[in-house]
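Colleague: One structure is given below, represented as structure tokens, and several questions about it will come after.
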Amino acid sequence: MAGLKELRTRIDAIKSTQKITAAMKMIAASRLRRVQILVDKNQGYSENLRRSALRVITEIENEEKAKGIRYVRPLMLRAANNPKNYKLVILSSDRGLCGAYNSNVAKRAIQRIRELLKKGKKVSAVCIGKKAYDILRRTFKADEIDLKLATEKLKSLSYAEQTKFAVCEILKQFQNKEFDVCEFVFARFASALSRSFVCEQVCPMDLNADHLSDEELQLINRSGQAFYEYLPDKLTVLENILPILFDDNIFKIIVNSAASEHGARMTSMDSATRNAVNMISELTLKYNSLRQSAITTELIEIIAGAEAI
């Protein structure tokens with residue numbers, strides 16, 4: 001009977017765990033839906049904004065080639081000839097129970113840091129999320145990289161407020177020449193089941209038309225049969241577009257990271273719930289089998305005793 005009691009206790013414990021994982025799955029799914037709306041709405045806006053900036057830069061470069069001149073680029077586009085100081089911002093979670101999400105973010109960050117250290121670069125890293133911070137702290141020594149954990153208050157802010165805070169800090173440090181290049185390590189959201197872990201340069205901004213075909217590049221400065229005109233001039237237009245594009249890049253990274261985290265947690269909790277159901281089914285079958293065996297044994301003992309009398 002002790003075996004039956006242990007099985008019953010274990011089944012009750014797994015049922016309690018199943019309720020928790022199912023609730024966490026529903027919460028993650030609800031949060032994912034809200035963030036996914038932001039990701040979807042931002043995608044078209046971001047692409048059009050980036051295309052507008054590329055259009056102006058392409059026109060400026062064509063004018064420079066035609067006139068044999070060189071315009072002074074805005075600060076956000078001024079890349080150092082031989083960058084030495086790199087700043088990495090790593091976005092992960094403060095909590096676990098989201099599968100391999102945090103370990104994959106940390107793995108991509110470790111890969112990039114080692115690439116930079118191998119080239120003799122100086123690396124400073126800021127982790128937004130404790131999980132990646134703990135992994136990096138165990139991986140690298142204090143004299144290898146300058147590693148910091150962002151304030152906990154940052155996670156409590158809305159996505160727009162997080163973007164505003166990050167933009168202000170990055171631009172201030174870039175203007176003070178605290179780093180030459182700033183990169184973000186994060187998970188780019190594709191779907192609830194799919195995400196890619198990337199390292200993307202955000203400052204100075206890397207605007208290139210590599211993803212455009214030759215035909216698209218030739219038609220980038222026109223809309224139908226009409227050509228674009230710029231008032232007051234191309235550089236002024238570019239200087240006004242870049243801050244908006246920079247804000248959008250940071251916002252896009254933050255919401256993609258949040259959507260990836262919620263998607264990973266939802267699928268992980270769904271898998272845990274399914275496993276709990278399977279375990280309960282197996283243990284219940286075993287429990288019923290043992291219970292039936294115990295009842296059969298008792299009946300045999302009763303019948304044997306009656307016959308002996």
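The values are calculated or read from the model by the stated rules, or taken from the named source; none is laboratory data. Everything quoted here is computed from the prediction, not taken from an experiment. Because the Cβ atoms are built from the backbone with ideal geometry, glycine has one as well, and the counts that use them run over all protein chains shown.
Colleague: Can Ala258 be described as within 30 Å of Tyr159 (Cα to Cα), outside the structural domain of Phe186 (by TED's automatic domain parsing) and modelled with pLDDT under 95?
Modeller: no
Colleague: Tell me which residues, restricted to region 256-293, are surrounded by fewer than 21 Cβ atoms within 10 Å (Cβ to Cβ) and among the hydrophobic types (A, V, I, L, M, F, W, C).
Modeller: Selection gives Ala272, Ala276, Val277, Met279, Ile280, Leu283, Leu285, Leu290.
Colleague: Still on this structure, I have one more. Only one of Arg55, Arg31, Arg51, Arg70 is under 13 Å from Leu245 (Cα atoms), assigned by TED's automatic domain parsing to the domain that holds Glu229 and basic (Lys, Arg). Can you tell me which?
Modeller: Arg51
Colleague: Now for a different question. Counting only residues that are acidic (Asp, Glu) and either closer than 13 Å to Phe189 by Cα or in contact with an Asp or Glu (Cβ under 8 Å, 6 or more places away or on another chain) (or both), how many does region 27-54 have?
Modeller: Going through region 27-54 one residue at a time, the tally reaches 1.
Colleague: Here are some residues: Lys41, Lys25, Lys65, Lys5. Which one is assigned to a helix (DSSP H, G or I) and surrounded by 12 or more Cβ atoms within 10 Å (Cβ to Cβ)?
Modeller: Residue meeting the stated conditions: Lys25.
Colleague: I need the full set of residues from region 129-183 which are among the β-branched types (Val, Ile, Thr), over 20 Å from Ser260 (Cβ atoms) and in contact (Cβ under 8 Å) with a residue 40 or more places away in the chain, in order please.
Modeller: Passing the criteria: Val167, Ile170, Val181.
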